[in-house]
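*Asks:* Questions regarding the structure given below will be posed in turn.
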Amino acid sequence: VKRQGGNNLAYYNDVDGKQALVMFQTEKALRLGLERNELQLYLQSQLDEQGQLAGAEALVRWQHPNEGLISPGLFIPVAERSDLIIALDNWVLQQSCQLLANWQQQGRKLTLSVNISPRHVRHADFVSDITHLLDLYQLDATALVLEVTEGILVEDIDASITKMQTLAALGVQFAIDDFGTGYSSLSYIRNLPVQELKIDQSFIKGIPLHANDVAMVTTIISVARQLGLRLVAEGVETAEQNAFCQREGLWAQGYFIDKPLPVAAWQQRWFTP
Ligand code: C2E
Ligand code: CA
Ligand code: CA
Ligand code: CA
């Protein structure tokens with residue numbers, strides 16, 4: 001077990017006894033943290049092909065009382081082992097919908113993207129969790145983008161597609177996150193009610209130097225064009241990658257534009273004239 005500063009949190013690959021214990025402790029702490037309101041919503045901007053602010057992705061952080069700010073890479077995988085991830089997703093969704101309602105009242109035409117775990121999509125309450133929030137906040141649903149991964153295609157595929165269709169009919173948009181890293185048979189995309197592909201940052205990293213990454217991205221672009229999908233490049237870190245996005249008509253997200261910021265700081269940065 002790789003210890004993180006003597007606390008109970010650790011990365012793990014497979015489950016032996018010790019690791020199971022660490023995971024159990026992390027899960028317990030996270031459950032408590034959720035109750036004690038220790039989660040925080042961060043936002044990272046998405047710029048359209050003209051370089052204008054088009055929206056943001058909601059990314060969760062855990063402000064632990066002793067351990068400081070904990071990144072989701074450490075606790076999301078633990079949460080995903082049980083229905084705890086559903087409580088966590090719903091916390092993020094509630095915060096995000098409330099924020100989006102605020103923006104819509106201010107007349108801001110921005111999308112807000114929220115990550116949804118495959119386990120949540122498979123859960124019986126998924127559709128009602130979303131429709132409840134759309135109603136509660138009287139949202140224009142077309143501004144809400146739910147980011148799912150190809151993990152939703154592993155089990156209960158037909159049921160997942162039906163749920164997505166129900167929400168899509170209300171205007172909710174879906175994006176395939178980390179696109180290119182999974183099954184990557186492009187053909188299944190046709191059967192999904194999806195408006196957006198997010199090209200995984202591992203491909204963007206290689207632009208413009210690595211011919212294989214450029215080829216991969218170019219192929220994704222041409223398929224997306226034919227299917228009428230919006231493309232978002234993740235992990236845009238350099239001016240060159242940003243210029244590539246604008247030239248190719250992709251939305252851009254990454255450290256070149258901004259690092260994820262707490263909501264108040266993000267709004268301060270982007271909304272102050
Ligand atoms: P993701 O959805 O693929 O999110 C993108 C990750 O890349 C974020 O890490 C973001 O901070 C990071 N990133 C953004 N721009 C750059 C860049 O230019 N360079 C590099 N190297 N990295 C960049 P973060 O916030 O640590 O999130 C990690 C993962 O945790 C997310 O990956 C997502 O799978 C999961 N996650 C985060 N928030 C939530 C949530 O609210 N619900 C669920 N279910 N999962 C979440
Ligand atoms: Ca995402
Ligand atoms: Ca991603
Ligand atoms: Ca990812």
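The values are calculated or read from the model by the stated rules, or taken from the named source; none is laboratory data. Not measured: the values here are computed from a predicted model. Here the Cβ is made from the backbone with ideal geometry for all residues, glycine too, and neighbour counts use every protein chain on show.
*Asks:* Somewhere in segment 189-201, is a residue within 12 Å of ligand 1 (Cβ to nearest atom) and assigned to a helix (DSSP H, G or I)? Give the steps one after another, and end with the answer.
*Replies:* Filtering segment 189-201 for residues within 12 Å of ligand 1 (Cβ to nearest atom) gives 198-201.
Among the residues that remain, those that are also assigned to a helix (DSSP H, G or I) are: 201.
Within segment 189-201 (the criterion being within 12 Å of ligand 1 (Cβ to nearest atom) and assigned to a helix (DSSP H, G or I)), the answer is yes, since at least one residue qualifies.
*Asks:* Can you tell me how many residues within segment 130-150 are buried (at least 17 other Cβ atoms within 10 Å of the Cβ) and either within 16 Å of ligand 1 (Cβ to nearest atom) or assigned to a helix (DSSP H, G or I) (or both)? Show your work before the answer.
*Replies:* Keep residues of segment 130-150 that are buried (at least 17 other Cβ atoms within 10 Å of the Cβ), which gives 130, 133-134, 137, 139, 141, 143-150.
Keeping just the survivors that are either within 16 Å of ligand 1 (Cβ to nearest atom) or assigned to a helix (DSSP H, G or I) (or both) gives 130, 133-134, 141, 143-150.
Going through segment 130-150 one residue at a time, the tally reaches 12.
*Asks:* Give me a count of the residues in segment 219-262 that are polar (S, T, N, Q) and either within 16 Å of ligand 4 (Cβ to nearest atom) or at pLDDT 95 or above (or both).
*Replies:* So in segment 219-262, the residues polar (S, T, N, Q) come out as 219, 222, 226, 238, 241-242, 246, 253.
Going one step further and asking which of them are either within 16 Å of ligand 4 (Cβ to nearest atom) or at pLDDT 95 or above (or both), we end up with 238, 241-242, 246, 253.
Within segment 219-262, residues that are polar (S, T, N, Q) and either within 16 Å of ligand 4 (Cβ to nearest atom) or at pLDDT 95 or above (or both) number 5.
*Asks:* Follow-up. Please go through (1) at pLDDT below 90; (2) within 16 Å of ligand 2 (Cβ to nearest atom); (3) part of a loop (DSSP other than H, G, I, E, B) for Glu155 and return the number of the only condition it doesn't satisfy.
*Replies:* (2)
*Asks:* Oh, and also: Go through (1) more than 24 Å from Ala252 (Cα to Cα); (2) within 16 Å of ligand 3 (Cβ to nearest atom) one by one and return the number of the condition Gly182 breaks.
*Replies:* Among (1) more than 24 Å from Ala252 (Cα to Cα); (2) within 16 Å of ligand 3 (Cβ to nearest atom), the lone unmet condition for Gly182 is (1).
*Asks:* Quick check on Ile176: is it over 13 Å from Leu250 (Cβ atoms), within 11 Å of ligand 3 (Cβ to nearest atom) and among the aliphatic types (A, V, I, L, M)?
*Replies:* Details: over 13 Å from Leu250 (Cβ atoms): yes; within 11 Å of ligand 3 (Cβ to nearest atom): yes; among the aliphatic types (A, V, I, L, M): yes.
Here the answer is yes, as Ile176 does meet what is asked.
*Asks:* Output the qualifying pairs, or none if there are none: Cβ atoms under 6 angstrom, residues six or more apart or on different chains, first residue in segment 223-247 and more than 18 Å from Glu196 (Cβ to Cβ), second residue modelled with pLDDT of 95 or more and assigned to a strand (DSSP E or B).
*Replies:* Cβ pairs passing all conditions: Asn242/Ala252.
*Asks:* Would you confirm whether or not segment 219-237 contains a residue that is in contact with a helix residue (DSSP H, G or I) (Cβ under 6 Å, 6 or more places away or on another chain), more than 19 Å from Gly55 (Cβ to Cβ) and within 16 Å of ligand 1 (Cβ to nearest atom)?
*Replies:* Taking every residue of segment 219-237 in turn, none turns out to be in contact with a helix residue (DSSP H, G or I) (Cβ under 6 Å, 6 or more places away or on another chain), more than 19 Å from Gly55 (Cβ to Cβ) and within 16 Å of ligand 1 (Cβ to nearest atom).
*Asks:* Restrict the check to segment 196-216 and report whether at least one residue is among the hydrophobic types (A, V, I, L, M, F, W, C), farther than 17 Å from Ser113 by Cα, in contact with a Gly (Cβ under 6 Å, 6 or more places away or on another chain) and surrounded by 18 or more Cβ atoms within 10 Å (Cβ to Cβ).
*Replies:* Initial filter on segment 196-216 (among the hydrophobic types (A, V, I, L, M, F, W, C)): 197, 199, 203-204, 207, 209, 211, 214-216.
If we keep only those that are farther than 17 Å from Ser113 by Cα too, we end up with 203-204, 207, 209, 211, 214-216.
Then drop every residue that is not in contact with a Gly (Cβ under 6 Å, 6 or more places away or on another chain), which leaves 203-204.
Applying the additional criterion that residues be surrounded by 18 or more Cβ atoms within 10 Å (Cβ to Cβ) yields 203-204.
The answer is yes; a qualifying residue exists.
*Asks:* Out of the residues in segment 21-65 meeting the condition of being among the polar types (S, T, N, Q) and over 16 Å from the mean Cα position of the chain (by Cα), tell me which one is farthest from Thr142 (Cα to Cα).
*Replies:* Step one: filter segment 21-65 for residues among the polar types (S, T, N, Q), giving 25-26, 37, 40, 44-46, 50, 52, 63.
Filter once more, so that each one left must be over 16 Å from the mean Cα position of the chain (by Cα): 25-26, 37, 50, 52, 63.
Values: Gln25: 39, Thr26: 36, Asn37: 29, Gln50: 21, Gln52: 19, Gln63: 31 Å.
If we take residues in segment 21-65 being among the polar types (S, T, N, Q) and over 16 Å from the mean Cα position of the chain (by Cα), then Gln25 is farthest from Thr142 (Cα to Cα).
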